[in-house]
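The values are calculated or read from the model by the stated rules, or taken from the named source; none is laboratory data. For clarity, every value in this text was computed on a predicted model and none was experimentally measured. With ideal geometry, Cβ positions are generated from the backbone for all residues, glycine too; neighbour counts draw on all protein chains shown. Note: accessible area is taken over every heavy atom of the protein model, side chains too, but ligands, DNA and RNA are not part of it. Shrake-Rupley method; radii C 1.70, N 1.55, O 1.52, S 1.80 Å.
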Amino acid sequence: MKKVITLLVLFFALISNSQNTAVTYTASTENFPNPERGFYHHKETKASNFSTLTQSTMTNYRTNEKITLILRLYYLG
């Protein structure tokens with residue numbers, strides 16, 4: 001019984017010490033890169049006429065277009 005009372009006292013002590021913090025965010029229309037979702041480039045290539053994605057192309061997508069996803073399809077024919 002003492003253990004239960006001690007646990008209850010500790011529980012209520014932890015609850016009473018918690019603090020709430022209000023965070024205010026300002027609205028933005030900025031197009032920022034999101035690595036998990038959002039706009040993407042759809043790129044296809046065929047085994048008979050293979051084209052590579054260059055580092056400069058991917059850097060351009062990231063820095064200038066804020067694109068972090070590429071759907072790359074390979075057609076083996």
Roughly how big is the chain's charge dipole about its Cα centre, with Cβ charges of +1 (Lys, Arg) and -1 (Asp, Glu), in debye to the nearest 20? 320 debye
Hey, can you find the accessible area per residue of the chain for me, probe 1.4 Å, expressed in square angstrom? 95 Å²
What do you get for the angle between helix 2-17 and the principal long axis of the chain? Use alpha-carbon atoms, 0 to 90 degrees, nearest ten. 60 degrees
Among all the lysines, which ones have a C-alpha under 25 Å from Lys46's C-alpha, if same-chain residues fewer than 8 places away are not counted? none
What number, in percent, do you get for the relative contact order of the chain if the mean sequence gap of Cα pairs under 8 Å and at least 6 apart is divided by its residue count? 37 percent
What percent of all Cα-Cα pairs in the chain falls into each 5 Å bin, going from 0 up to the bin containing the maximum distance? 3, 11, 12, 11, 9, 7, 6, 5, 6, 7, 7, 6, 6, 3, 1, 0
